[in-house]
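Visitor: Mind having a look at this structure? Questions to follow.
The values are calculated or read from the model by the stated rules, or taken from the named source; none is laboratory data. All figures in this text were calculated on a predicted structure; none of them were measured in a lab. As a convention, Cβ positions derive from the backbone with ideal geometry for all residues, glycine included, and neighbour counts pool all protein chains shown. The area values use the complete protein model at the heavy-atom level, side chains included, leaving out ligands, DNA and RNA. Shrake-Rupley method; radii C 1.70, N 1.55, O 1.52, S 1.80 Å.
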Number of protein chains: 2
Amino acid sequence: MPETFRDEEGFLAASLKLAALNGIGQAARCRLLEQYGNPQTIFSTPVDELKAVVLLPGNKIRQALDTVKEPLIQKRLRLLREHNIRVLLSNDPAYPSRLREIPDAPAVLFYQGNVELLSGPQLAMVGSRNASPSGLRTAQAFAAEFARTGLTITSGLASGIDTAAHRGALQEIGGTIAVVATGLDEVYPKTNRGMAEKIGLEGCMISEYSPMTPARREQFPQRNRIISGLSLGVLVVEADTRSGSLITARLAGEQGREVFAIPGSIHQPTSRGCHQLIRQGAKLVETTGDVLQELTPALRAVLREQPESAPSTPEQEKSLDPDAKKVLNQVDFAPTPLEEIAVHSNLPVELVLSKLLQLELAGRVSPLPGGRYQRIPD
Amino acid sequence: MPETFRDEEGFLAASLKLAALNGIGQAARCRLLEQYGNPQTIFSTPVDELKAVVLLPGNKIRQALDTVKEPLIQKRLRLLREHNIRVLLSNDPAYPSRLREIPDAPAVLFYQGNVELLSGPQLAMVGSRNASPSGLRTAQAFAAEFARTGLTITSGLASGIDTAAHRGALQEIGGTIAVVATGLDEVYPKTNRGMAEKIGLEGCMISEYSPMTPARREQFPQRNRIISGLSLGVLVVEADTRSGSLITARLAGEQGREVFAIPGSIHQPTSRGCHQLIRQGAKLVETTGDVLQELTPALRAVLREQPESAPSTPEQEKSLDPDAKKVLNQVDFAPTPLEEIAVHSNLPVELVLSKLLQLELAGRVSPLPGGRYQRIPD
């Protein structure tokens, strides 16, 4: 949390400097923040002292500090203000703990919008820029369904599957996060300017790149580690075998996240990447229920981590959709088996699962061993 | 092999009796054939003596023998002649050894056509009666490609995928086998009468059921064990989750055969069975090469089992298709890596693999460890 008395301008300038350091890895930058707390302190500390934290020779550190020119920082400061861009450092309690786990977590994140989404449960949905019309429809419909359950959909704002996923999730309770590979003052691709603005207002736009950073090829795979790092799992909707989505899936695997893939026709080139992932062990997904079932333990762990999360308010209760109400009505105060809830609510099992998760997140039902659920007294 | 001097009429009548025994399992019938050689001897042996082989009380055996009425046998004998149906017993050297391995191998097989196909390398291709047009096209194209490689396509003559697979393989070198669940004098479904006739002439039609046996529901899953039992592997092209093809796939797994499935759109109901199989460990198949690569060790084992198989004749050599010739020209007398053969022949890897297998079956190339191939001098 920003200290009330701190020098906001100096804090932002030092954060921009830290983000722009060339030749010092992210892990070292995070250690510097841990050690000195405020980024301003880092830049007022003698290089000889920094060496013990950065673990690089003094001349390398001096070189890195020299790459950051003051006029550029001033320009970027203005852009932060103009574009309503905020800064989140790795030692801030609001920095998402799941992302902090990965070995090369960015020391500085720039964001627009609702920073709280970053710490909530997220599913990454990624895929091809050249997806089939059916793939785009699936991405949008699945994203909406997940977001109705309370999951936030995290993606990369690329055209194709990413955009469809953002669009599906935007209006729903879970919302959406876009992790981009340029400064937040730029939008890539330009065609997504409207979507980026909406996400910056209603969801959250984030980037590890300072304002004025254009789209560079090597930044896209770098960015992908943040998409998977933030998420409980990555769902690849459609991807050819050279798609960047496969990088995101590989990183997810390395980061211990679940990897999901939707199969498709063998005649659809953008299904080949998904098939490759399934052969390598990714979970084959036909319905949103397939993902929710797999993520339930991870979602429960997230819920346990957030005991401070407010219990559902009467407004939220009223806002339960008709299907959620139908499901809630079938859950007894005694343990009720999932099959019974499904049969009596007369809804497909995957929808019931999704609604139960939503009710669980709202503190209305509690899961029991053996696939049973119990209603929580008001 | 039928003995030259045996009483052909009596042999066939006894075989028909053996096939019709009610209440004695297939394994016991096979043991009887092992013990007494000729089925006529079985029926002239006192029941007290049969007990030691059948392992059932005498009265049970007597009951079983009583179910077989002489006039019915005489009618069936006439139908065998009329329909050119032949008999293959489990103790005949021409009985396929792979089928003999399964625990409930039929003691009596009825067949029309080329019995040698039964002992050759086979791939079962099965699937839904209500397949999509794209699924039918895939079945036919894959079957043709496999059969060009020398694999025989075994299926169940059902409408939909089965028929498409038979059709694809029929004209190619590997040919096709139909295993049916009725007597060979009947055709089910009637719409496949023409296809059944063609297979009975150019391929092989087989059944464990005597003439005059109509289509009964319980015979179809029974029949499926023969389809998988004959084959090195089972490829499910399209199947809904209640399809009989999943029974064939399960039996294949139990019999130690490879199980393959082709994925499809999540919106295609007849892909769900395939997805279920893939989740359970079936190999995901996008190309014929995926299957051939997996089956190569089993195919090699088949080749080793048949050292008596004639080397390729000049006619066969001439009959090499242009692609096979192209591939052969790229295989050196020194070990040549697969990639090199593929690059220089300018053909897709899966086609090259299929052609190499064909050349291997023809005794023109020999596979070496590490995915290399060597030409065999003429």
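Visitor: Short version: what are the Cα gyration tensor semi-axes of segment A:168-275, square root of 5 times each eigenvalue, largest first, in whole Å? All intermediate terms of the calculation are to be shown ahead of the outcome.
Guide: On the way: eigenvalues 117, 53, 44 Å².
After scaling each eigenvalue by five and taking roots: 24, 16, 15 Å.
Visitor: Could you list which residues have their amide H under 5 Å from that of A:V259, counting only those 5 or more apart in sequence or on another chain, with H placed in the peptide plane?
Guide: It is A:V234, A:K283, by chain and number.
Visitor: Heavy atoms of the protein only, probe of 1.4 Å, neighbouring chains included. What is the accessible area of B:L65 in Å², nearest 10?
Guide: B:L65 has an accessible surface of roughly 50 Å² with all protein chains in place.
Visitor: Ok, one more. Projecting each Cα onto the charge dipole of the protein assembly as shown (Lys/Arg +1, Asp/Glu -1 at the beta carbon, about the Cα centre), which of A:G370, B:Q112, A:T41 comes out farthest on the positive side?
Guide: B:Q112
Visitor: Over all directions, how big on average is the projection of the convex hull of the alpha-carbon atoms in chain A, in square nanometres?
Guide: On the way: hull surface 80.6 nm².
One quarter of the hull surface, i.e. the mean projection, equals 20.2 nm².
Visitor: Then there's this: Between the label point of B:E340 and that of the same position in each other copy, find the distances and list them shortest first in nm, with every label point placed 7 Å from Cα along the Cα-to-C-beta direction.
Guide: The projected label point of B:E340 is separated from its counterparts by 6.9 nm.
Visitor: Next question. Tell me the Rg and the Dmax, in Å, that the Cα atoms of the protein assembly as shown produce.
Guide: 34.0, 112
Visitor: Next question. Once phi is turned into θ = phi - 60°, what whole-Hz ³J(HN,Hα) does the Karplus curve with 6.51, -1.76 and 1.60 give for every residue of segment B:8-15, x standing for Gly and Pro?
Guide: 4, 4, x, 4, 5, 4, 5, 5
Visitor: What percent do you get for the relative contact order of chain A when only Cα pairs under 8 Å and 6+ apart count? List each step's numbers first, then the result.
Guide: Details: 709 pairs, mean separation 46.7, N = 378.
For chain A, the relative contact order is 12 percent.
Visitor: Let me ask you something else. Sticking with the crude label model, points 7 Å out along Cα→Cβ, report the distance from A:E9 to B:S159 in nm, one decimal please.
Guide: Here the modelled spin labels are 8.2 nm apart.
Visitor: For segment A:1-112, what is the per residue volume of the convex hull drawn over the alpha-carbon atoms, in cubic angstrom? Walk me through the intermediate numbers first.
Guide: Values: hull volume 11.2 nm³, N = 112.
About 100 Å³ per residue, rounded to a whole number.
Visitor: Compute for chains B and A the buried accessible surface, both sides summed, probe 1.4 Å, and express it in Å² to the nearest 100.
Guide: Values: alone 17560 and 17580 Å², together 33740 Å².
Counting both chains, the buried surface is close to 1400 Å².
Visitor: On to the next question. Just to be sure I follow the definition: excluding the sites themselves, where is the longest run in chain A that has none of the chymotrypsin sites (Phe, Trp or Tyr not before Pro) in a DSSP loop with at most 15 other Cβ atoms within 10 Å?
Guide: Counting at most 15 other Cβ atoms within 10 Å as exposed, the longest clean stretch of chain A is A:6-332.
Visitor: Would you calculate, for chain A, the mean residue ellipticity at 222 nm contributed by helices, counting each DSSP H stretch of 4 or more residues as -39,500 (n - 2.57) and dividing by all residues, to the nearest 500? Walk me through the numbers on the way to the answer.
Guide: Working: 18 runs with 184 residues, N = 378.
Calculated mean residue ellipticity at 222 nm is -14500 deg cm²/dmol.
Visitor: How far, in nm to one decimal, is B:D7 from itself in the other copies if the label point is set 7 angstrom along Cα toward Cβ? Shortest first, please.
Guide: Computed spacing set for this position: 11.7 nm.
Visitor: Which whole-Hz couplings ³J(HN,Hα) result when phi for each residue of segment A:42-51 is put into the Karplus expression 6.51 cos²θ - 1.76 cosθ + 1.60, θ = phi - 60°, listed in order with x for Gly and Pro?
Guide: With the stated coefficients, segment A:42-51 comes to 4, 7, 9, 9, x, 3, 4, 7, 4, 3 Hz.
Visitor: Before I look further, what does segment A:176-221 give for accessible area per residue, probe 1.4 Å, in whole square angstrom? Mind showing how you got there, number by number?
Guide: On the way: 2010 Å² over 46 residues.
Spelled out: the 1.4 Å probe surface of segment A:176-221, per residue, equals 44 Å².
Visitor: Oh, and also: Near the axis that takes chain B to chain A, which B residue has its beta carbon closest, and at how many Å?
Guide: Measuring from each Cβ to the axis, the minimum is at B:P263, 2.
Visitor: What's the carbon and sulfur percent of chain A's accessible surface, probe 1.4 angstrom, rounded to a whole number?
Guide: Values: 8640 of 16870 Å².
Here carbon and sulfur together make up 51 percent of the probe-accessible area.
Visitor: Under 25 Å from the Cα of B:K283, which lysines turn up, not counting those fewer than eight places away in the same chain?
Guide: A:K283, B:K355
Visitor: Still on this model: Once amide H atoms are placed 1.01 Å from N in the peptide plane, what residues at a sequence separation of 5 or more from B:Q268, or on another chain, have their amide H within under 5 Å of its amide H?
Guide: none
Visitor: May I ask you to report, in nm to one decimal and beginning with the shortest, the distances from A:R78 to the same position in the other copies, taking label points 7 Å along Cα-to-Cβ?
Guide: 10.6
Visitor: Summarise the partner chain shielding of A:199-212 as one whole number: the mean count of Cβ atoms from other chains within 10 Å of each residue's Cβ. Write out the running numbers ahead of the final one.
Guide: Values: counts 0, 0, 0, 0, 0, 0, 0, 0, 0, 0, 0, 0, 0, 0.
Averaged over the peptide's residues, the number is 0.
Visitor: Now a separate question. Using Stokes-Einstein with the Kirkwood hydrodynamic radius over Cα pairs, what translational diffusion coefficient do you get for segment B:12-54 at 25 °C and a viscosity of 0.890 mPa s, in µm²/s rounded to a whole number? Mind showing how you got there, number by number?
Guide: Numbers: Rh = 10.3 Å.
Using the Kirkwood radius from Cα pairs, D works out to 238 µm²/s.
Visitor: Could I ask something else about it? Mind checking which lysines have their Cα closer than 27 Å to the Cα of B:K69? Skip sequence neighbours fewer than 8 apart in that chain.
Guide: Partners within reach: B:K17, B:K51, B:K60.
Visitor: Continuing with the same structure: List the residues whose amide H sits under 5 Å from the amide H of B:T154, counting only those 5 or more places along or on another chain, with H placed 1.01 Å from N in the peptide plane.
Guide: So B:T154 has HN proximity to B:L123, B:A124, B:M125, B:I177.
Visitor: Under a point spin-label approximation (7 Å from Cα along Cα-to-Cβ), what is the A:A141-A:A215 distance to one decimal in nm?
Guide: About 2.9 nm separates the two model spin labels.
Visitor: Quick one: go through segment A:257-300 and flag any residue whose amide nitrogen is under 18 Å from the point 7 Å out along the Cα-to-Cβ line of B:H267.
Guide: The answer is A:262-272, A:285-289.
Visitor: Further question on the same structure: Per-residue HN-Hα couplings for segment A:355-371, Karplus 6.51 cos²θ - 1.76 cosθ + 1.60 at θ = phi - 60°, whole Hz, x for Gly and Pro?
Guide: Those phi angles translate into 5, 4, 5, 4, 5, 5, 4, 8, x, 9, 10, 10, x, 10, x, x, x Hz.
Visitor: Right, another one. How high is the FRET efficiency from A:A334 to B:D66, r the C-beta distance, R0 51 Å, rounded to 0.05?
Guide: On the way: r = 59 Å, r/R0 = 1.15.
That gives a FRET efficiency of 0.30.
Visitor: Sort out for me the Cα centre separation of segment A:139-193 from segment B:1-58, rounded to whole Å.
Guide: Value for the Cα centre distance between the two parts: 72 Å.
Visitor: So with the 1.4 Å probe, I'd like the accessible area per residue for segment A:40-166, rounded to whole Å².
Guide: Details: 5290 Å² over 127 residues.
Per residue, segment A:40-166 has 42 Å² of solvent-accessible surface.
Visitor: Determine the order of A:E172, A:E49, A:E339, B:E360 by accessible area, beginning with the largest, at a probe radius of 1.4 Å.
Guide: On the way: A:E172 55, A:E49 95, A:E339 120, B:E360 25 Å².
So the residues, ranked largest to smallest area, are A:E339, A:E49, A:E172, B:E360.
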